[in-house]
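Each remark here refers to the structure printed beneath this line.
Taken together, the values in this text are just the output of simple stated rules run on the coordinates, not laboratory data. Bear in mind that the values here come from a model prediction, so they are computed numbers and not experimental data. Note: ideal-geometry Cβ built from the backbone for every residue, glycine included; neighbour counts use all protein chains shown.
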Amino acid sequence: MAQQHEWEIDPDAAHPEVGAMLDQLDRAAILSRREPLREGNIVRLPEKDDVVILGDIHGDRENFEKVVDWAALHLHKKRYLVVQEVIHGGPHDPAGGDQSFRLLEEVAALKCRFKSQVQMVLSNHDLCEILGSVIAKAGRNASAPFWRGIENAYGQLWPEIHGAYRRFLTSLPLAVRLPNGVFISHSTPQSDALKRFDYGIFDRPLTMDDYLPGGSVYELVWGRHHNQAAADEFAHRVDAEILITGHQTSMPGVKTPTSRHIILTSDGPLGRFLNLRLNVRAPYDVVLRQARKIRSL
């Protein structure tokens, strides 16, 4: 990715929507950092009402909007919505630009409107945008079409918008803890990473080393190949019984590699979501059965 200083920005370019979008993204970032339910880098939801949980969305506007409409946060003032990995995928513009940045903007708008009711946890695709690195999805470069889509929409001012995306993504918590023993994060560290994993990332200010390969944020959002022993150890260390994550695609919409993990896929025709009561500590199999097909809403 080219560095931002390589673009020559025309200060007289007419993009009246850019200023408003920058303001909205930065306001969402401030709300995320100053979230009253946040302790360190974990958001702790109270024992009130319910939560709607999504796995990876990857630009699937149809599924995202179905769940947002169903959640009706404006009517359910104590309902929470937890989302993750909304970028890199979905519809493209006529010039081949990925349009999933619009979903990121929509999440920011929802955060500004509903404040604590909307939470987004950091994902590996988010991390790549923060670092400016390239990521592949289904064997194809997912980064270049994403950047092209932003440029097609905002012209020469696209680096400013992308900078605001990065500020918002950097503000995100790493996890959401429910009072019923459920821990939501994009993934969990795999077994070989647990030996060096620093659980302090959940409590302290993050550094660039945390984001880079080998860092604990990197290991958290990139973890794959989960086994039972690693799942049990991580769950014990974060004081959880059930680990709800995304990151790995599952054609039925849900994947259960261990008796702790429930991996949600929320994009595509088989995408699913969860709706859990916050004051009910349900067994793993009961929570698993509550994974609902989004397209059936």
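Per residue Cα convex hull volume for region 17-296, in cubic angstrom?
Details: hull volume 33.7 nm³, N = 280.
So the per-residue hull volume is 120 Å³.
Choose one of Leu270, Pro283, Gly181: the residue whose Cα lies farthest towards the positive end of the charge dipole of region 17-296 (beta-carbon charges +1 Lys, Arg; -1 Asp, Glu; about the Cα centre).
The Cα lying farthest towards the positive end belongs to Pro283.
At a threshold of 8 angstrom on Cα-Cα distance, excluding pairs fewer than six apart, so keeping six or more, what relative contact order does region 152-254 reach in percent? Mind showing how you got there, number by number?
Values: 110 pairs, mean separation 33.9, N = 103.
Once divided by the residue count of region 152-254, the mean separation gives 33 percent.
Give me the count of lysine pairs in region 17-296 whose alpha carbons sit under 14 angstrom apart, restricted to pairs 8 or more positions apart or on different chains. The partial results should precede the final answer.
Numbers: Lys48/Lys77; Lys48/Lys78; Lys66/Lys293; Lys77/Lys111; Lys77/Lys115; Lys78/Lys115; Lys255/Lys293.
So the count of such lysine pairs works out to 7.
Using 0.36 nm times the number of residues separating Arg224 and Asp285, minus their current alpha carbon distance, what extension gain do you get?
19.8 nm is the gain from fully extending Arg224 to Asp285.
Taking the Cα centre of the chain as origin, sum charge times position over the Cβ atoms of Lys and Arg (+1) and Asp and Glu (-1), and report the length of that vector in debye to the nearest 20. Walk me through the numbers on the way to the answer.
Details: 35 positive and 38 negative charges, 274 e Å.
Value, rounded to 20: 1320 debye.
Over all directions, how big on average is the projection of the convex hull of the alpha-carbon atoms in region 179-297, in square nanometres? Could you put the intermediate results ahead of the total?
On the way: hull surface 31.3 nm².
Mean projected area for region 179-297: 7.8 nm², to one decimal.
Over the C-alpha atoms of region 62-186, what are the Rg and the largest Cα-to-Cα span, Dmax, in Å?
Final numbers for Rg and Dmax: 15.2, 48 Å.
Which longest run of the chain has no exposed loop site in it, a site being trypsin sites (Lys or Arg not before Pro) in a DSSP loop with at most 15 other beta carbons within 10 Å, and the site itself not part of the run?
Details: sites that count: Arg34, Lys48, Lys77, Lys78, Lys195, Arg196, Arg224, Arg281.
Longest stretch, sites excluded: 79-194.
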